[in-house]
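Quick notes on the structure that follows.
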Amino acid sequence: MMDLLLFWTPLLLVVVSALTGIVIFIAGERKARLRIILNLLAAVLKVLMVVLIGLLVLAGHTPEFRISLVPGLDLVLRADALSLLFATLSAVLWLVTTVYAIAYLERSPNRARFFGFFSLCVAATMGISLAGNLLTFFIFYELLTLTTWPLVVHTGTATAIRSGRTYLRYTLSGGVLFLIGLIWLYGITGPQDFIAGGTLAEHDLDHRLSLQIIFVLLAVGMGVKAAIYPLHRWLPEAMVAPAPVSALLHAVAVVKAGAFGLVRLVEDVYGPELVAGLGMDLPLLLAAAFTILYGSVQALRQVDLKKRLAFSTVSQVSYIVLGIAVGGPLATIGGIVHLVHQGLMKIILFFCAGIFGNLLGIKYIHQLDGVGRRMPWASACFTVGALGMIGLPPVAGFVSKWYLGAGAVAVGREWVVAVLVTSTVLNASYFLPVLKRIWLNPPPDQWPDEVQVSRIEIQALVGSAMVAALLALGVGLLAGHPLSPLSWATAIVTEYFP
Amino acid sequence: MTTEALALIVFVPLLVAAGMVVLPRSWLGLLIRIGLLPLPFLLLIPTMEVVDNGAYRVVLAGHDSPLGIVWLLDPLSLLMLWLNVGITLLVSLHASFSFPPSDQPARRFWPLWLILFASMNALVLSADLFNIYVTLELVTLAAIGLIAVEGKPAALRAAMRYLLLALMASLLYLLGVGLIYGQTGVLDLYLIAEHLEPAWLTITALALMIVGLLIKSAIFPLHAWLPAAHGNAPGPVSAILSAMVVKVSVYIIWRLWFWTAGDWDLDSAATLMGILGGLAIVYGSVAALVQQRLKMIIAYSTVAQLGYLMLLFPLASTLAFQAASYHLVSHGMAKAAMFLAAANILRSVGSDRLSRLAGIDQRLPLDVFALALAGVSIMGLPPSGGFLAKWLFLEAAREQEAWGWLVLVAASGLLAAAYLFRVLAVMCLHPRRRLRSDRRRRAPNLASVAAILLAVGAIVAGFASAPVLDLVAAGLPPGLAP
């Protein structure tokens, strides 16, 4: 019985969302009530299943599903501590985003298509988080590209189609490099599962150059989704998608898949020691550091609220990469925990941007004057997210930055601290003026495009943002709790640096 | 038992086709069922035979070659039989709606359809060169008849062009057969090798036969007839043409190359074939990218996808054989699905011009979905049969350190993505005007189901590869066996 449970639960976690998506497609556009019930049910079920798997892992089991695709080549879904961290983040934020999206898209056309792909997208993300080897990761990584494209082009305007094309151009090309790296790597090592600390050290002597090239190929393949400079261009363009999609792309699914993949690559495929031994940590670190500063500077120049948030994402996701590239336990903890923290904070910001845009027609930053008086709750949430991004305690972002900085000093890379400080200053200078507009400037006589919506809709929209804000505050305040993301990340990193 | 079963697999559809011409029209529906439905069950007997004993030689009517008909049932021909039966049955489901037995064109369509089906079954079994010639002619003529069956001017022109080129191809092939027969007095595909030295005359003979077959399988640069023929034929016909008819000629080339001339040194020719394949992939994809009609895009996509089957020649290994065979299977399903979906769209909108297809996904969600699913396999993205085939190709190329082929296979998926996403993007675009929806007949839903089933098959092939790959591994040509 236990064996069956351990075998099937990882697959079920993926299949639940995939099935939901398919049923939503079949049910069609008109069955709105069925769709809402299914969406919520599946999202709740998913959280419960993640909890179940979490309990199994805590009890010392390793749930693992394995089938053979081609003789000798396995599809492996396995729950370890790192995959659980990502799976939990995705499952929780998905529940919140589902509520938000149902309210946000009320009355808009093509909802069956939207929610169908929305669910397939969760399925792909779950697959990425549970992937037990690089091939499985690749399969779901490409599946994620395919399932998010319909969401990016959802509005069907010419701009959306163009952004969709850019998105595909970047992600599919990245996928090709990934595939070449993958097939090359398997040629040297044979198929290998993810193992904490990596498995490639023994091949170092014979295949040094190959391993370096493969690392670059794989890192670029993942760096596209993680939006590392200069592979980030698709991300700001993808802003034409509806707000829940942006929230999802930025906080949970696409960019996170890239960052998560880099964590896997460094920690579980190569191993931090080998990455340093091959001299690959410094280029990765420089790319991350540059992206952090570049993203912040670009964010500063944007006048469109969503674009500013997009470049902020470019910058923030690189904190994760920075953490693993710096090396050493503390910085790695900072990077991994930022995977969660950035997700929570960024989703708040996008939820709020969506609320302002949808209800008041606000698109540009200068239109935000006095929003705080019109929508105090949403503005409060936005403030929490923005302050967290700057790194103000006690919001979650502070914890990440603290660990990153301390970790960099611990391994003797003090200049990284300078990057972090500069980035913080830049973060403050692009978020604080926004906050000033929201709270201190007087509201205009008329909002750009105010629409009347039902009370329950507003409650759902603002409620989701508030839940996310509470979570972001919670993980910062309770960082010392044994089940907090920080403790979790610490436990994961202990395996990498015994 | 096996002999009888194989004979029935070929002759039941033929006899039924003859019956359709003779018997009254009211029998047509029944005859279609008799001609098609028993086939999968009959095929179980040869399957058992292959599983138990490997290859099986059939001498029909007691005359061994060169006079009689000799068939060889081996794992590879069994795979082709299953593929043909499976795809033909699913496409027939669609055809039973686009050519309902009560309509006039059905009287012309169904006999030809069954002749095509039977002659492809006979072709993949045939073990001697002359037999191959006869069945290949039957396949071609039935295919041309089917392209022209609705009598539309564009289709008639395409059929005429196909006919002329196919006849030329047959002559080249026959000339080659004549030369070889004159040299050896043997026609058996698997026995000629013993009597034949790679002298210039025999090499010329082989080259003539292969060029003839390359024309029939529309390999670049001999593909010129394909897009118009496949793009203008009725939906089910396009599906079977792209999924099966061009493939069986490639299959015969494989037989000639790896079995008949298996121990010759053909390295430079193999590279040439591979380069043709590479050019086909690039040219077909780029041409697909500039087409304005959905069916033409899919037809050019076939030109491109056939190129992968040519990569077997330079790579020539167990993995490459598995890769090429798996590509044949998954492309067969995916491409048939695409053409059926396109047929439903064409029927509903009245045109398959891309400019008319904006927003079509809301009206025909099932068909667009089938098109997209099949597209995933064509692009070689996971999870799909197309991806596994691509993976095996990559492994084969890596095994031989053939980096050029590796990069080509890895990157060419992007070209397919470019032309397919162009189509999907148009379909997701919001229409400026409302579509004139109810003027034309809507394609019946079961026609969409056939497309969906085939597309899902191409995706599922990404998970259940073991039976096919094991079968191929058991039926490798003598020179390649691991």
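What follows is calculated from the coordinates using simple rules that are stated; it is not laboratory data. Keep in mind it's a predicted model, so treat the numbers as computed, not measured. Glycine also receives a Cβ, built like all others from the backbone with ideal geometry; neighbour counts cover every protein chain displayed.
Couple of notes before you dig in:
- Among the listed pairs A:Lys31/A:Lys363; A:Lys307/A:Lys436; A:Lys46/A:Lys307; A:Lys46/A:Lys363, a Cα-Cα separation exceeding 24 Å is found for A:Lys31/A:Lys363; A:Lys46/A:Lys307; A:Lys46/A:Lys363.
- In degrees, nearest ten, helix A:396-410 long axis to first principal axis of chain A (Cα): 40
- Taking 7 Å steps out from each Cα toward its Cβ at A:Leu300 and A:Asp206 produces label points 5.1 nm apart.
- FRET efficiency, 1/(1 + (r/R0)^6) with R0 56 Å, evaluated for A:Trp415 and B:His430 via beta carbons: 0.65
- Local electrostatic count at B:Val22 - Lys and Arg +1, Asp and Glu -1, tallied over other residues with Cβ under 15 Å: +3
- Shape class for the protein assembly as shown, computed from the alpha carbon gyration tensor (a ≥ b ≥ c): prolate, with a/c not under 1.5 and a/b above b/c.
- Residue exposure proxy: A:Lys363, A:Lys346, ordered by other Cβ atoms within 10 angstrom of their Cβ from fewest to most, comes out as A:Lys363, A:Lys346.
- Relative contact order of chain A, defined on C-alpha pairs under 8 angstrom at six or more residues apart (%): 14
- To the nearest ten degrees, helix A:81-104 and the longest principal axis of the Cα atoms of chain A are 20 degrees apart.
- For segment B:295-414, the residue among B:Leu315, B:Leu346, B:Tyr326 whose Cα projects farthest onto the positive side of the dipole built from Cβ charges is B:Leu346.
- C-alpha center-to-center spacing [segment B:463-482, segment A:32-104] in angstrom: 37
- Sites B:Met48 and A:Ala59, calculated FRET efficiency, Cβ-Cβ separation with R0 51 Å, nearest 0.05: 0.60
- Scalar couplings 3J(HN,Hα) for segment B:312-320, obtained by applying the Karplus form with A = 6.51, B = -1.76, C = 1.60 to θ = phi - 60°, are 4, 5, x, 7, 5, 8, 4, 4, 5 Hz; x denotes Gly and Pro.
- Environment charge of A:Pro63, counting only residues whose C-beta is closer than 12 Å and scoring Lys/Arg +1, Asp/Glu -1: -1
- Cα-based radius of gyration of chain A once divided by 2.2 N^0.38 Å, which approximates compact folds: 0.92
- Rounded FRET efficiency, nearest 0.05, which uses the C-beta distance separating A:Val47 from B:Glu401 and R0 of 45 Å: 0.40
- Highest-first arrangement of A:253-261, B:86-94, where packing means the average Cβ count within 10 Å: A:253-261, B:86-94
- Distance between the modelled labels on A:Ser487 and B:Leu279, one decimal in nanometres: 6.8 nm (7 Å Cα→Cβ projection).
- Each Lys and Arg contributes +1 and each Asp and Glu -1, all at the Cβ; summed about the Cα centre of the protein assembly as shown, the dipole is approximately 4860 debye.
- Cα gyration tensor category, rounded, prolate or oblate, for segment B:1-73 with a/c compared to 1.5: oblate
- Counting Cβ atoms of other protein chains within 10 Å of each residue's Cβ and taking the mean over peptide A:172-180 gives 5.
- Theoretical ellipticity at 222 nm over the protein assembly as shown - DSSP helices of four or more residues, -39500 (n - 2.57) apiece, nearest 500: -24000 deg cm²/dmol
- Per residue of A:155-161, other chain Cβ atoms within 10 Å of the residue Cβ number 4 on average.
- Backbone N atoms of segment B:82-107 closer than 16 Å to the 7 Å Cα→Cβ label point of B:Arg25 belong to residues B:99-107.
- The spacing between segment B:231-265 and segment B:275-308, judged by their C-alpha centroids, is 16 Å.
- Spatially close Lys pairs in chain B, defined by Cα atoms under 17 Å apart and a spacing of eight or more places or different chains, total 5.
- Degrees, to the nearest 10: B:75-98 long Cα axis against longest axis of chain B: 30
- Applied to segment A:232-240, the Karplus parametrisation 6.51 cos²θ - 1.76 cosθ + 1.60 on θ = phi - 60° returns per-residue 3J(HN,Hα) values of 8, 4, 5, 5, x, 5, 5, 5, 5 Hz, with x for Gly and Pro.
- Here the spin labels are modelled as points 7 Å beyond Cα on the Cα-Cβ line, and at B:Val286 and B:Ala464 they lie 4.0 nm apart.
- For segment A:48-153, the square roots a ≥ b ≥ c of the C-alpha gyration tensor eigenvalues yield an a/c of 1.5 or more together with a/b not exceeding b/c, which makes the shape oblate.
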